[in-house]
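Down below is the structure, laid out as structure tokens.
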Amino acid sequence: MNWRDYWNRDTPIYTSERHKMLHYRLLANDIIGLIPSPKAVVLDYGSGEALLADKIAARCARLYLSDAAPLVRERLTERFKGNERIAVLSIDDVSGIADASLDLIVVNSLVQYLSLDEFRALLRLMHEKLKADGKLVLGDIIPPDISPLTDAKALLSFAWQGGFLRSAITGLARTAFSDYRKVREELGLAQYSEEEIVDLVQDAGFEPERAERNLGHNQARMTFLARPSSQARDTEDLTER
């Protein structure tokens, strides 16, 4: 099994429906705060089920939702089939988006499931699709010194505030004995220091900076904001002239 196969089914990662809804509500609000204007074209790459994508789409001109798992895409298509601002894409479909056409790209809680070569290829693709003044957001990056216990504490704190503490405790115990733990031990999760992320993103032609807070509830993880480098912006300006 690989990570794509794992996510192409119902998983125990959410401890309850309330947990799932609050997770996506928090993430939707975070993304809305990053949208530069109502005319923006936005890509949520590795979107998951994006339960409140309609709220995000209401704040921009176009929202692309892309996910590798066919089951997730089926659910997204069914949920938002009446929303003309939302388009659901496979990962391969993203290459068909016009170059330099996106104002905002969000890649949240995905990098940990990619190999280093896959991550580098993703950065190159995002650089092609982003406008010269656009922004790439890499969220939920796992630093090398974080432990599963830290993640558990962050979840319990979120659960306490969100009113699903009991199900969170039960869910953590269930996850400990689920195949998620086995798959994680076999495949691992990619972890990067701040310096490593900065180097990789710079190599792809961006100017990165670490955001003050991570997307979502786990503030032990990191989010980075990146814009095409000034050299890339100058090249596009010359092309337009």
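The values are calculated or read from the model by the stated rules, or taken from the named source; none is laboratory data. Everything numeric in this text was worked out from a predicted model, so none of it was measured. Note that we place each Cβ from the backbone using ideal geometry, even for glycine, and neighbour counts take in every protein chain shown. Note: areas computed on protein heavy atoms with side chains; ligands, DNA, RNA excluded. Shrake-Rupley method; radii C 1.70, N 1.55, O 1.52, S 1.80 Å.
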Task: Per-selection metrics, the chain (Cα): Rg and Dmax in Å - done: 17.8, 61
Task: the chain: relative contact order as a whole-number percent, Cα under 8 Å and 6+ apart - done: 22
Task: Most mobile of Ala61, Ala98, Ala50 in a GNM of the chain (Cα contacts under 10 Å) - done: Ala98
TODO: Let me know the shape class of region 51-163, please: from the alpha-carbon gyration tensor, a ≥ b ≥ c as square roots of the eigenvalues, rounded when a/c is under 1.5, otherwise prolate if a/b is greater than b/c, or oblate.
DONE: oblate
Task: Amide hydrogen neighbours beyond the local backbone of Ser47, cut-off 5 Å, H modeled - done: Ser66, Asp67
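If I stretch the segment between Thr150 and Arg210 completely, what's the gain in nm (0.36 nm per residue apart, minus their alpha carbon distance), one decimal? Don't skip to the end; give the middle numbers.
Numbers: separation 60, 0.36 × 60 = 21.60 nm, distance 2.01 nm.
Length difference between fully extended and current span is 19.6 nm.
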TODO: Quote the FRET efficiency, to the nearest 0.05, computed for Met21 versus Asp203 with a Förster distance R0 of 30 Å and r equal to the Cβ-Cβ distance.
DONE: 0.20
Open item on the list: Please list, in order along region 41-51, the HN-Hα scalar couplings obtained from phi with the Karplus expression 6.51 cos²θ - 1.76 cosθ + 1.60 (θ = phi - 60°), rounded to whole Hz, x for Gly and Pro.
Closed with: 10, 10, 10, 9, 9, x, 6, x, 6, 6, 4
- [ ] Quick one: which residues, 5+ away or cross-chain, put their amide H under 5 Å from the amide H of Val88? H built at 1.01 Å from N.
- [x] Leu65
Task: C-alpha center-to-center spacing [region 191-206, region 52-91] in angstrom - done: 29
Open item on the list: Given the -39500 (n - 2.57) contribution per DSSP H run of 4+ residues, what per-residue ellipticity at 222 nm results for the chain, rounded to the nearest 500 deg cm²/dmol?
Closed with: -13500 deg cm²/dmol
Task: Filtered GluC sites (Glu not before Pro), region 105-207: DSSP coil and at most 11 other beta carbons within 10 Å - done: none
TODO: Take the solvent-accessible surface of the protein heavy atoms, probe 1.4 Å, and return the percent of it on the chain that carbon and sulfur atoms account for.
DONE: 49
Task: GNM top mover of Lys131, Lys182, Lys20 - the chain, alpha-carbon springs below 10 Å - done: Lys182
Task: FRET E, pair Ser157, Glu84, Förster distance 30 Å, beta-carbon r, rounded to 0.05 - done: 0.20
TODO: Please calculate how many Å² of accessible area the chain carries per residue, with a 1.4 Å probe and no DNA, RNA or ligand atoms counted.
DONE: 52
TODO: Give the distance, in whole Å, between the Cα centre of region 6-36 and the Cα centre of region 122-178.
DONE: 10
Task: Of all DSSP beta bridges in the chain, antiparallel share, percent nearest 5 - done: 30
- [ ] Holding the Cα-Cα limit at 21 Å, pick out from Lys55/Lys81; Lys20/Lys131; Lys20/Lys153; Lys39/Lys131; Lys39/Lys135; Lys20/Lys135 the pairs that are longer than that.
- [x] Lys20/Lys131; Lys20/Lys135
